[in-house]
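Engineer: I have a structure I would like to understand better, so I am pasting it below and will then ask my questions one at a time.
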Amino acid sequence: MAQALVFDAVRLPPEAEALRSEVRAFVAETLDPDLLRNSDFGSGHDPEFSRALGARGWIGMTWPAKYGGGDRSFFERYVVTEELLAAGAPVEAHWIADRQSGPVMLRYGTEAQREFFLPRIIKGECFFSIGMSEPDSGSDLASVRTSAAKVDGGWVVNGTKLWTSGAHRNHYMITLVRTEPQGDNRHAGLSQLIVDLKNSQGLTIRPIANMAGDRDFNEVVFEDCFVPDEHVLGSPGNGWEQVTSELGYERSGPERFLSSFRLLVELIRAVGPDPEPAQAAAIGKLAGQLTTLRKISISVAGMLQSNRNPIVEAALVKELGNNFEKELPELVRLVAPAAAGRLFQRTLEDTLLHAPSFSLRGGTREILRGMIARGLGLR
Amino acid sequence: MSSTPSDEQDSGAAGRMIQDTADRLLRDQCSKELVDAAEAGTWPAALWHTLVETGLPWASAPERLGGSALDLPEALGLLRLVGAHAAPVPLAETLIASALLGEDDAVSELPEGPLVPVLAGATDDFTARPEADGWRLEGVIADVPFAPVADVLVVAVEAGEGLMLLRVDPASVRLEPGRNIAGEPIATLVFAGLSVKASDCSRCASLGGAEELLALLALSRALMSAGAMQSLLDMSVGYALDRKQFGRPIAQFQAVQQQLAVLAGEAAAAIRAADAGLEAFAEVFRTDVAGDPESRALRMAMAIQEAGVAKARTGEAAGRGAEIAHQVHGAMGFTYEHRLHQRTRRLWAWRDQYGTETYWQARFGRQLCAAGADALWDILTRPLA
Ligand SMILES: Cc1cc2nc3c(=O)[nH]c(=O)nc-3n(C[C@H](O)[C@H](O)[C@H](O)COP(=O)(O)OP(=O)(O)OC[C@H]3O[C@@H](n4cnc5c(N)ncnc54)[C@H](O)[C@@H]3O)c2cc1C
């Protein structure tokens with residue numbers, strides 16, 4: 001097989017397993033048991049909960065201690081993330097900052113940026129959004145038109161970002177902008193700016209309701225919005241490399257196959273201890289697929305731990321994982337008992353209403369399959 | 001591979017050498033023609049003889065029986081190669097049966113020919129009763145893979161707490177031979193009150209019951225299927241790069257790329273699931289814990305669960321994978337001439353042996369329902385050992 005697609009057996013080390021029970025105990029005493037639980041990482045914004053996680057050292061776990069990070073392994077981070085998602089914890093507020101904004105800053109940011117932002121992220125006090133997509137730039141990210149023009153001491157930004165999750169609540173947005181006109185190399189002349197979403201002039205943030213009725217993503221309009229030089233992330237012109245690396249962090253984690261998990265839990269509750277054959281088979285099928293996905297994802301955590309850059313492998317986890325998350329409600333509804341109860345019904349509806357987004361956000365299924373095909377040497 | 005290096009890696013070197021030898025040997029010998037001939041009914045005697053010379057079929061039998069005393073799970077890793085090369089021989093059967101028989105010190109020699117385990121399924125009308133000097137077998141066991149080419153049938157029956165292995169001469173049983181969709185020899189066995197002497201009966205030390213043997217046999221099919229999936233992916237990518245239409249390789253068409261990406265995902269999932277089943281069984285066969293019954297029971301429960309997941313996941317991958325591989329190969333892959341079908345037909349055959357996807361999924365599902373909704377996540381994340 002193409003070397004890129006080998007997933008070695010990796011066992012979580014004992015210190016990671018030990019953390020599991022700590023997280024479980026914390027979740028059990030912190031979460032409201034009457035809450036409708038959802039394992040979708042984008043479904044519960046709770047700054048207080050994020051601060052509590054920060055206080056336990058569960059944000060920025062793999063980052064260096066000198067910024068307040070935990071210097072812990074990717075395996076430990078893996079366990080914390082999967083435990084929180086499986087429990088349906090409200091992780092949305094800090095999720096992006098922890099998963100990608102912090103890591104990209106660690107890798108490309110200036111020392112001053114790291115010293116300013118990372119400790120705040122780690123405490124669960126500083127939340128980030130992703131400013132990539134635009135009205136005319138979705139899958140074709142390099143075509144972004146939001147522009148930044150050089151002025152004294154900074155940059156003046158004009159344009160529109162779209163589908164920006166959490167921009168109405170978060171503090172900052174790492175924004176991909178064009179800092180030079182597009183030439184022959186469309187990947188050149190792009191830069192990332194750290195935009196202050198709370199204190200910038202010339203910035204309008206409008207929530208857009210999604211089909212499930214949530215107000216989670218936004219339109220963010222820049223009209224001569226000033227961003228100071230010290231908020232250029234990395235070096236001007238290096239935006240494409242940085243954004244590609246950022247996307248790598250986005251794709252291999254358990255949030256790519258656990259989004260529908262709570263529905264499987266509720267199905268088992270509704271079915272009870274003595275399932276019909278078709279119910280047992282559906283439950284065993286989904287559970288078996290889930291454990292296999294989990295092993296592949298842990299294998300990718302092992303690659304991150306060994307300082308590898310598993311872009312294609314991450315795409316494969318997301319592609320397989322999204323298919324699973326989307327198939328889950330389809331299978332579950334066919335075997336659900338007739339009187340499954342309100343909690344089950346609401347979880348099913350909630351999952352169905354969010355499922356269309358699973359294979360869009362973070363790169364569409366078609367784009368990910370294209371990346372896998374490249375890994376196979378087909379293109 | 002464990003994330004923390006350990007001294008297990010040294011003992012793995014012997015295993016890797018055997019893997020390399022087997023890979024070379026099967027690649028050289030399992031030509032399209034050889035597999036065709038085997039499917040048409042010619043026993044591949046030369047291939048088996050070569051395997052015998054390298055000792056591979058007894059890799060896990062003790063040295064006194066001519067084996068290399070390799071841990072059974074380590075030896076089962078060879079089975080991926082059986083799948084990858086469509087080897088038409090009962091290597092899985094002989095590896096497993098020789099390892100289990102070898103646990104009985106009274107067994108003093110093994111035949112040169114294949115050993116074939118026989119395990120009655122839930123729908124077989126078959127009974128085994130202990131009698132004064134041995135066991136009495138009565139009834140029918142349907143569609144036993146490779147029974148027609150067995151030198152000795154190793155009939156497994158449950159006996160109180162454990163499993164008895166009865167060595168039966170195939171000539172003493174009525175065989176109704178046939179072939180499965182892969183052209184592999186199978187037979188329905190009719191036992192007309194056959195008495196098996198106590199001296200031909202061995203208590204199986206490492207497996208406590210029929211379900212444990214079934215899981216091990218299912219794992220063998222998962223591993224073979226994982227190897228075949230790898231081969232499907234390699235063949236399909238190779239063909240797509242080679243075949244030109246509209247003036248360019250079909251690999252350049254996005255529709256083809258997308259399908260091959262799906263195949264790669266199925267192959268990756270099949271391989272990871274099958275290997276995970278093997279890792280779980282390796283915990284059962286670890287010698288340092290063999291003595292502790294409680295710990296063994298936990299390890300075995302995990303091994304059966306993981307083998308079942310492996311069997312189900314590889315079975316799912318087989319269906320989807322074969323479909324895509326054939327679509328990408330066009331009419332050429334539908335010809336008898338092409339070797340693609342030697343893999344896809346085996347995938348279809350193996351997914352039906354030793355429990356279909358539904359069998360193992362339902363078993364796992366019942367277990368999860370019995371444990372209850374709030375135990376689900378804990379069960380799914382339980383580490384090995
Ligand atoms: C819930 C949600 C949250 C999001 N949050 C954020 C966020 O916080 N920040 C952010 O920047 N973005 C966010 N996005 C946007 C997301 O990244 C885009 O939706 C995604 O990149 C696809 O872009 P698009 O929606 O414009 O679809 P398009 O790119 O227009 O694609 C439409 C369809 O065409 C297909 N297609 C496009 N190009 C190709 C091609 N070359 N080959 C084959 N098929 C193709 C796509 O696969 C898709 O099926 C979010 C999206 C969702 C649904």
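Engineer: Only residues in segment B:311-333 that are away from chain A (no Cβ under 13 Å) and open to solvent by 20 Å² or more (accessible area, probe 1.4 Å) count as the first member; pair them with residues that are outside any helix (DSSP H, G or I) and not aliphatic (A, V, I, L, M), Cβ under 7 angstrom, at least 6 apart or cross-chain, and list the lot.
Structural biologist: Listed by first residue and then by second, the contacts come to B:Met332/B:His338.
Engineer: Is there a residue in segment A:362-372 that is at pLDDT 95 or above and away from the ligand (no atom under 16 Å from the Cβ)?
Structural biologist: Looking through segment A:362-372, none of the residues is at pLDDT 95 or above and away from the ligand (no atom under 16 Å from the Cβ).
Engineer: Something else: Kindly list the number of the only condition in (1) at the interface with chain B (Cβ under 8 Å from one of its Cβ atoms); (2) more than 30 Å from B:Val237 (Cα to Cα); (3) within 16 Å of the ligand (Cβ to nearest atom) that fails for A:Ala282.
Structural biologist: Tallying (1) at the interface with chain B (Cβ under 8 Å from one of its Cβ atoms); (2) more than 30 Å from B:Val237 (Cα to Cα); (3) within 16 Å of the ligand (Cβ to nearest atom), A:Ala282 fails exactly one: (3).
Engineer: Name the residues in segment B:268-289 that are within 7 Å of chain A (Cβ to nearest Cβ) and under 17 Å from the mean Cα position of the chain (by Cα), would you?
Structural biologist: Within segment B:268-289, B:Arg272, B:Ala273, B:Asp275, B:Ala276, B:Glu279 meet the criteria.
Engineer: I want to confirm something. Restricting to segment B:29-86 and keeping residues that are among the basic types (Lys, Arg) and within 24 Å of B:Ala228 (Cβ to Cβ), which single residue is surrounded by the most Cβ atoms within 10 Å (Cβ to Cβ)?
Structural biologist: We begin by selecting, within segment B:29-86, every residue among the basic types (Lys, Arg); these are B:32, B:64, B:80.
Retained after the next criterion (residues that are within 24 Å of B:Ala228 (Cβ to Cβ)): B:32, B:80.
Working: B:Lys32: 13, B:Arg80: 26.
So, considering only residues that are among the basic types (Lys, Arg) and within 24 Å of B:Ala228 (Cβ to Cβ), the one surrounded by the most Cβ atoms within 10 Å (Cβ to Cβ) is B:Arg80.
Engineer: Which of the residues belonging to segment B:144-194 are open to solvent by 30 Å² or more (accessible area, probe 1.4 Å) and among the hydroxyl-bearing types (Ser, Thr, Tyr)?
Structural biologist: Across segment B:144-194, the qualifying residue is only B:Ser172.
Engineer: Taking interchain pairs and intrachain pairs at least six residues apart, which have beta carbon atoms under 7 angstrom, with the first residue in segment B:363-385 and without any contact (Cβ under 8 Å) to a residue 60 or more places away in the chain and the second part of a helix (DSSP H, G or I) and open to solvent by 60 Å² or more (accessible area, probe 1.4 Å)?
Structural biologist: Partner pairs satisfying both residue conditions: B:Ala373/A:Arg269.
Engineer: Something else about it: If you take the residues in segment A:292-324 that are at the interface with chain B (Cβ under 8 Å from one of its Cβ atoms) and under 26 Å from A:Leu106 (Cβ atoms), which one is surrounded by the most Cβ atoms within 10 Å (Cβ to Cβ)?
Structural biologist: A:Leu316
Engineer: Follow-up question, since we're still on this one. Restricting attention to segment A:266-279, report how many residues are without any contact (Cβ under 8 Å) to a residue 12 or more places away in the chain and in contact with a Ser or Thr (Cβ under 9 Å, 6 or more places away or on another chain).
Structural biologist: 1
Engineer: If I filter segment A:315-326 for residues that are among the β-branched types (Val, Ile, Thr), within 16 Å of the ligand (Cβ to nearest atom) and closer than 27 Å to B:Asp378 by Cβ, do I get at least one hit?
Structural biologist: Within segment A:315-326, not a single residue is among the β-branched types (Val, Ile, Thr), within 16 Å of the ligand (Cβ to nearest atom) and closer than 27 Å to B:Asp378 by Cβ.
Engineer: Residue under question is A:Ser39, and the condition is that it be within 14 Å of chain B (Cβ to nearest Cβ), surrounded by 17 or more Cβ atoms within 10 Å (Cβ to Cβ) and modelled with pLDDT under 95; does it hold? Give the steps one after another, and end with the answer.
Structural biologist: Details: within 14 Å of chain B (Cβ to nearest Cβ): yes; surrounded by 17 or more Cβ atoms within 10 Å (Cβ to Cβ): yes; modelled with pLDDT under 95: yes.
Yes, satisfied.
Engineer: Is at least one residue of segment A:111-129 at pLDDT below 95 and open to solvent by less than 50 Å² (accessible area, probe 1.4 Å)?
Structural biologist: Narrowing segment A:111-129 to residues at pLDDT below 95: none.
No, there is no match, as no residue in segment A:111-129 is at pLDDT below 95 and open to solvent by less than 50 Å² (accessible area, probe 1.4 Å).
Engineer: If you don't mind, another one. Looking at segment A:245-283 only, could you name the residues that are crowded, with 19+ Cβ neighbours inside 10 Å and outside any helix (DSSP H, G or I)?
Structural biologist: Listed by number, the residues that qualify are A:Ser252, A:Gly253, A:Phe257, A:Leu258, A:Ser259, A:Ser260, A:Pro275.
Engineer: Looking only at segment A:332-351, decide whether some residue is more than 10 Å from chain B (Cβ to nearest Cβ), touching a Pro at 6+ places or on another chain (Cβ under 7 Å) and either part of a helix (DSSP H, G or I) or within 14 Å of the ligand (Cβ to nearest atom) (or both).
Structural biologist: There is at least one residue in segment A:332-351 that is more than 10 Å from chain B (Cβ to nearest Cβ), touching a Pro at 6+ places or on another chain (Cβ under 7 Å) and either part of a helix (DSSP H, G or I) or within 14 Å of the ligand (Cβ to nearest atom) (or both).
Engineer: While we're looking at this one, here's another question. Here is a list: B:Ser68, B:Ser98. Which entry is closer than 27 Å to B:Ile271 by Cβ and in a loop (DSSP other than H, G, I, E, B)?
Structural biologist: Selected residue: B:Ser68, the only one of B:Ser68, B:Ser98 that is closer than 27 Å to B:Ile271 by Cβ and in a loop (DSSP other than H, G, I, E, B).
Engineer: So, one more: Let me spell it out: the conditions are (1) within 14 Å of chain B (Cβ to nearest Cβ); (2) more than 12 Å from the ligand (Cβ to nearest atom); (3) farther than 29 Å from A:Asp34 by Cα, and A:Leu84 meets all of them except one. Which number is the exception?
Structural biologist: (3)
Engineer: May I pose another question? Among the residues of segment A:165-197, count how many are open to solvent by 10 Å² or more (accessible area, probe 1.4 Å) and either under 14 Å from A:Ser147 (Cα atoms) or of a type outside the set (Asp, Glu) (or both).
Structural biologist: Summing the residues that are open to solvent by 10 Å² or more (accessible area, probe 1.4 Å) and either under 14 Å from A:Ser147 (Cα atoms) or of a type outside the set (Asp, Glu) (or both) in segment A:165-197 gives 16.
Engineer: Can you confirm whether segment A:228-244 contains a residue that is open to solvent by 30 Å² or more (accessible area, probe 1.4 Å) and within 16 Å of the ligand (Cβ to nearest atom)?
Structural biologist: Yes, the conditions are met somewhere in segment A:228-244.
Engineer: Given the structure, is A:Ser50 within 16 Å of the ligand (Cβ to nearest atom), hydroxyl-bearing (Ser, Thr, Tyr) and more than 14 Å from every other protein chain (Cβ to nearest Cβ)? First the steps, then the outcome.
Structural biologist: On the way: within 16 Å of the ligand (Cβ to nearest atom): no; hydroxyl-bearing (Ser, Thr, Tyr): yes; more than 14 Å from every other protein chain (Cβ to nearest Cβ): yes.
The answer is no for A:Ser50.
Engineer: Let me ask something else. For segment A:121-198, give me every one of the strands (runs of 3 or more DSSP E) that falls completely inside it and has 3 or more residues that are under 19 Å from A:Val232 (Cα atoms) and near the ligand (Cβ under 8 Å from one of its atoms).
Structural biologist: Here the list reads A:128-131.
The values are calculated or read from the model by the stated rules, or taken from the named source; none is laboratory data. What you see is a predicted model, and the numbers here were worked out from it, not measured in a lab. Every residue, glycine among them, receives a Cβ derived from its backbone with ideal geometry; neighbour counts consider all protein chains shown. Ligands, DNA and RNA are stripped out before the accessible areas are found, and what is left, the full protein with its side chains, is counted by its heavy atoms. Shrake-Rupley method; radii C 1.70, N 1.55, O 1.52, S 1.80 Å.
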